[in-house]
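All remarks here apply to the structure that follows.
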There are 2 protein chains.
Amino acid sequence: MPEFAINKITLNELSYEQAVEACARHGFAGITPWLDDLKHLTPAQARKVADDAGVSIAGFCNAGLFALHGKGGMDNAVDAARHSIDYAAEFGATTIVTVVGGLLPDSKSIPDARKFAFDGMVRIAEHASNTPVRLALEPLHPMYTPDWSMVGSLSDANDWCDRLDNGVGLTVDAYHVWWDPDFEVEIARAASAGRLLSFHISDWLVPTGHMLLDRGMPGDGVIDLTAMWQTMTNAGYGDYIEVEIFSERLWKQDPDAFLAELKNRCNIAFPA
Amino acid sequence: MPEFAINKITLNELSYEQAVEACARHGFAGITPWLDDLKHLTPAQARKVADDAGVSIAGFCNAGLFALHGKGGMDNAVDAARHSIDYAAEFGATTIVTVVGGLLPDSKSIPDARKFAFDGMVRIAEHASNTPVRLALEPLHPMYTPDWSMVGSLSDANDWCDRLDNGVGLTVDAYHVWWDPDFEVEIARAASAGRLLSFHISDWLVPTGHMLLDRGMPGDGVIDLTAMWQTMTNAGYGDYIEVEIFSERLWKQDPDAFLAELKNRCNIAFPA
């Protein structure tokens with residue numbers, strides 16, 4: 001019986017407290033907040049909000065993005081990631097979505113950017129290994145390579161995990177990897193290394209009007225979510241199906257109507 | 001000394017005859033037209049236009065897109081591809097850009113779409129092998145998987161060429177594969193199989209406003225074209241650097257001003 005969680009970005013217009021309430025009301029068992037959602041709360045307070053509503057902590061966003069402030073910004077980026085990991089640990093999350101970052105500002109060098117990001121990963125993986133929180137490295141769709149992630153495929157993400165060898169696992173987001181003909185092979189590889197930590201879903205719309213903010217509800221696009229879920233469960237994944245939708249269009253909908261429809265869509269795509 | 005060619009789509013507002021003239025005027029040695037550009041000309045007439053202007057035939061667009069008209073449309077798609085190949089042969093092109101097509105209409109199955117496209121490739125590769133024209137399979141960026149191409153990486157494209165084993169080569173388009181950390185490895189693999197047939201360039205803009213129609217001029221984006229060219233030449237590629245820019249913005253510019261600037265950009269990115 002699949003259990004569903006909501007990534008807080010899916011309810012971008014709501015506060016964390018409202019989102020937790022809404023999850024409880026619509027039968028979403030877990031929530032994954034972003035650190036920015038919780039700025040006004042201590043980790044214990046944030047946890048209590050979820051506990052009081054009977055909603056579990058599915059995950060936490062996020063760590064990484066090492067290149068964002070340039071070569072001189074590495075220490076700050078690592079400090080910020082450590083802070084996120086520590087907050088996540090106190091909050092009671094067991095994983096943190098980790099996105100390695102894109103090109104360095106004013107540079108086109110992929111090798112330089114990859115080395116920079118990898119060095120950052122080494123530093124925060126070391127830190128995370130002393131906490132109950134595992135880094136869940138998320139390969140992003142190759143259209144996000146320049147801005148957000150030098151790691152654009154499951155194969156590459158598995159390679160990074162192998163090289164880091166420090167408890168680092170994977171976030172598998174259907175939107176980012178659905179196109180990959182090696183999906184089954186790389187999921188099996190990740191499973192055998194015990195690193196399938198999270199599964200995010202949304203849908204790829206045809207056409208897509210905006211590269212970041214036009215994801216669809218399950219069923220509105222072309223991703224065979226049912227087949228991907230089958231692959232995940234066959235590989236032994238048994239954790240949440242987490243809905244993560246960036247969509248300016250859907251963010252404007254009435255949250256209750258949206259969540260009711262979303263739950264329907266989830267039940268269709270992922271039958272018990 | 002690199003030689004430059006223009007893919008006709010780059011001069012979308014011009015006729016074929018105007019584009020050939022413009023290439024000659026601005027020092028672009030070759031042109032790659034699309035079949036649609038030549039509808040009013042026999043292959044011999046089209047060739048004479050280029051010959052008279054002293055412009056070479058760099059390539060031809062295109063064959064493939066098997067899924068476009070659904071499962072029942074395979075024979076028509078193959079016939080259309082054969083016609084394009086035959087036209088290209090009479091025209092004097094030695095390669096034809098080949099794009100395998102996306103998902104079948106009303107289907108989300110990647111395995112089905114890949115099998116369908118591969119079957120089509122077998123049929124047209126057989127046909128091409130009896131002509132002087134080689135299929136130049138072009139992997140497209142994974143953001144085009146649903147619409148245009150089940151083959152989204154050089155690794156996958158090399159695998160398809162290995163399996164087809166019928167003289168099929170590759171078009172390497174920087175816009176589609178620049179993000180790939182395996183670029184060097186796969187270019188070397190392609191070169192050792194004698195299948196590096198074409199090299200297309202443009203630039204990836206950050207941000208990109210439209211997935212299809214917002215490519216940039218060399219130098220306006222984040223692609224390290226100089227490094228990619230170095231990899232290509234190190235692998236033994238010695239044919240044209242072909243500019244292929246889909247851009248509603250650039251298509252509106254004055255063609256002569258545009259081509260003069262484009263030539264400058266090419267000379268900067270690819271120094272002699």
Per the Kirkwood treatment, what hydrodynamic radius in Å, one decimal, follows for the protein assembly as shown from the mean inverse distance over all distinct Cα pairs? 24.7 Å
Prolate/oblate/rounded label for region B:155-215 (Cα gyration tensor, a/c 1.5): prolate
What is the sum of charges around B:ALA235, taking Lys and Arg as +1, Asp and Glu as -1, for the other residues whose C-beta is under 15 Å from the C-beta of B:ALA235? -3
Cβ-based charge dipole, the protein assembly as shown, positive-most Cα from A:ALA174, B:SER155, A:ASN62: B:SER155
Under the convention of a label 7 Å out along Cα→Cβ, give the distances in nm from B:PRO111 to the same position in every other copy, shortest first. 4.0
FRET E, pair B:HIS83, A:HIS83, Förster distance 60 Å, beta-carbon r, rounded to 0.05: 0.45
Using only the alpha-carbon atoms, what does chain A span along each of its principal axes? Please give whole angstrom values in decreasing order. 46, 43, 36
If each K or R counts +1 and each D or E counts -1, the residues other than B:ALA260 whose Cβ falls under 13 Å of its Cβ total 0
In whole angstrom, the spacing between the Cα centers of region A:85-110 and region B:108-126 equals 39 Å
Just list whichever of B:LYS8/B:LYS48; A:LYS8/A:LYS48; A:LYS263/B:LYS71; B:LYS8/B:LYS115; A:LYS48/A:LYS263; B:LYS48/B:LYS263 have alpha carbons separated by over 27 Å in the model shown. A:LYS263/B:LYS71; B:LYS8/B:LYS115
Cα centroid separation, region B:231-272 to region B:169-197 (Å): 18 Å
Using only Cα atoms, locate the centre of region A:17-41 and the centre of region B:1-73, then give the distance between them in Å, rounded to an integer. 56 Å
Can you give me the P(r) profile for region B:73-172? Cα pairs, bins 10 angstrom wide beginning at 0, each as a whole percent. 17, 51, 29, 3
Modelling each spin label as a point 7 Å along the Cα-to-Cβ direction, I'd like the A:SER129/B:ILE268 distance in nm, to one decimal. 4.5 nm
Can you give the net charge of the other residues whose Cβ lies under 10 Å from the Cβ of A:SER109, counting K and R as +1 and D and E as -1? +1
Between copies, how close do the A:ALA188 label points come, placed 7 Å along Cα→Cβ, listed in nm from shortest? 2.8
Using the Kyte-Doolittle scale, find the helices of chain A whose mean hydropathy is at least -0.5 and whose Cα atoms extend 27 Å or more along the helix's long axis, counting only whole DSSP H runs. none
Counting only helical runs of four or more DSSP H residues, what would the 222 nm mean residue ellipticity of chain B come to if each run contributes -39,500 (n - 2.57) and the total is spread over all its residues? -12500 deg cm²/dmol
Label position 7 Å from Cα toward Cβ: report the copy-to-copy distances for B:LEU68 in nm, one decimal, ordered from shortest. 4.3
Could you work out the equivalent-ellipsoid semi-axes for region A:185-243, taking the square root of 5 times each eigenvalue of the Cα gyration tensor, largest first, in whole Å? 25, 11, 10
How would region A:1-51 be classified by its alpha-carbon gyration tensor: rounded, prolate or oblate, with rounded meaning a/c under 1.5 and the a/b versus b/c comparison settling the rest? prolate
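Each reported figure results from applying straightforward, stated rules to the coordinates on display, with no laboratory input. These numbers come from a predicted model, not from an experiment. In this analysis, Cβ positions are derived from the backbone assuming ideal geometry, glycine residues included, and neighbour counts consider all displayed protein chains.
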